[in-house]
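Here's the structure, in structure tokens; my notes come after.
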Amino acid sequence: MPGHFVKSSGPDPDPTEFLFISLEQKRMDQTKAYDPKKSCWVPDEKDGYVEGEIQGTKGDLVTVMARGESKNWKKEQVQQVNPPKFEKCEDMSNLTYLNDASVLYNLKARYITKLIYTYSGLFCIAVNPYKRYPIYTNRVVKIYQGKRRNEVPPHIFAISDGAYMNMLQVAENQSMLITGESGAGKTENTKKVLSYFANVGASSSSKKKEAAKNQNLEDQIIQTNPVLEAFGNAKTTRNDNSSRFGKFIRIHFQQSGKLSGGDIEVYLLEKARVISQQKLERSYHIFYQLMSNQVKWIKPLCCLSDDIYEYHYVSQGKVTVPSIDDKEEMQFTDEAFDVLGFSKEDKENVCKSTAAVMHFGEMKFKQRGREEQAEPDGTERGEIVGKLLGLDGHDMYNGLCKPKIKVGAEFVTQGRNVNQVNYSVGALSKAIFDRMFKWLVKKCNITLETGLKRHSFIGVLDIAGFEIFDFNGFEQICINFCNEKLQQFFNHHMFVLEQEEYKREGIDWVFVDFGMDLQACIELFEKPLGLLSILEEESMFPKATDKSFEEKLKSNHLGKSAVLVKPKPPKPGCAEAHFAIVHYAGTVPYNITGWLEKKQGSSQ
């Protein structure tokens, strides 16, 4: 669900029940039945783990009574339960028994009582409630501002304030990594972080001009969200407002701690979604915002009808989302453009380029007689695309059907069949959308350049979430590989460097290499004759097929690499996977259909 930073004019709602455990709840928790020798956790198919009572042991087997049923378990499957004093513990690194069952139980117990944030040492874990809690208001900002982490309940604001105070005290740049699976709430938490920094870094200057300038900067930093979300977010099977790109946002501050600007870097925009969607998914929000007719000048300017189904590229899945009002979101996007300083011409060009992508999908081609040569099957749509993009429609058709390619020092006209032309149109559509998205980010960065001195920054990384779907294709493997690399980088900086600090301080410590357990998977992708190398090589051969790619990959790695394995049989109604990869977050089956075309299309 799209979220926007709103400055409340009325009194903030009481956030107490969403942050603190009541005294009554604490008393109830302390009366929980507990036997340090008998209380235990055992695996459960439905809930992960269930609490039980040990009745006896025999060799490697433990008899446990759970849910009214007595059953034998292997010793290693039985986990210890923490004493009641740790019930709904705020920092799980303090638990006596830090096992999987205790971590899951503690998060669940807090979540049920509307406490969505929990610490685990250096980390702050957020469990997405999929509803709006009143814990991000100005009143809550004041609770966390300038406080030590142990003085206030767990919250993303506490982590943000820690980064802000460290930046001021140590005079070094800080970074926050917001990571998790798809739909976990990374982007929503990123927006809350930005709003916090905009709030604490706001100017308190009495000079009206400077205060107005800084106030405008706060608004501009926040207003980049509706624009980025409109062009980079979409509905997936799990999440109505999923970011289909990664971003690194730097918030720059003056030496005094006041805002001095910001900039954004983006990664891995999912271009395939521009021209194809699965049945329960939707393309980028902006397409449906344009069709909402909220801004009246858009449709006539962009030659758009009132029927979304006339545009195949954006109507292969869902076209409406119950939790999203496309009219309202179009209004937010249009207002954000104005706040960010986009001119009327800029807005018109963005709309025309977006609409051109929709019209591209309706350009038709046919085979000329018995030849392998494609030719236009009607030119009306192409003329509209040409008008929107400032091109000559006839020249565009020629370039698609009979492109000129350089051979040595000369240019040669190449004949294309219908399939090849359709791939080219798709590749062109994706490239236009991708470049427009990057141009929008560049324009946002220009807006966020204030000319004020930039002394230090806090960087916030909101990266694409790890995903395991019923059907996992080329886009998923790119996202999951990126996450594998990111996790290794994160482990190195959070654990390896921490252990090196222990060594410097002379602490007796057995070194654990947290990074190497991801190395085998990363090498499968990166090393010579690895997955990416084979894909690159196969895409260069004109006669290569999905089957030849699959055979080459398996002959080089199946049975030789521990992380490339045979997939499990598919669920009923799902496409069969060709292989599976053992990632750090789970084993993912992949289907390679169309990978070579996508690779070739992205190279065009």
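Values quoted throughout were computed directly from the atomic coordinates according to the rules given, and no laboratory measurement underlies them. Not measured: the values here are computed from a predicted model. All Cβ positions, even for glycine, are placed from backbone atoms using ideal geometry, and neighbour counts span all protein chains on display.
Numerical summary
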read-out: Net charge dipole size for region 57-117 [Lys, Arg +1 and Asp, Glu -1 on Cβ; Debye, nearest 20]; value: 200
read-out: Gain upon complete extension [E537, S22; 0.36 nm per residue less C-alpha separation]; value: 179.2 nm
read-out: Cα→Cβ-extended label distance, 7 Å offset, between R148 and S343, nm; value: 5.5
read-out: Too-long pairs where the Cα-Cα distance tops 20 Å, listed order kept, from K32/K88; K527/K554; K543/K568; K114/K247; K527/K560; K114/K192; value: K543/K568; K114/K247
read-out: Test item: Cα-centred dipole of region 125-187, Lys/Arg +1 and Asp/Glu -1 on Cβ, debye; value: 320
read-out: Assigned charges on the beta-carbon of Lys, Arg, Asp, Glu; the chain dipole about Cα centre (debye); value: 460
read-out: Computed label-point distance, nm, for sites T413 and L122 using a 7 Å Cα→Cβ extension; value: 6.3
read-out: Estimated inter-spin distance, A585 and I507, nm [label 7 Å along Cα→Cβ]; value: 2.9
read-out: Length added when fully stretched, N94-E523, from 0.36 nm per residue minus Cα-Cα; value: 150.8 nm
read-out: Potential lengthening between F248 and R132 on full extension [0.36 nm per residue; Cα-Cα distance subtracted]; value: 39.3 nm
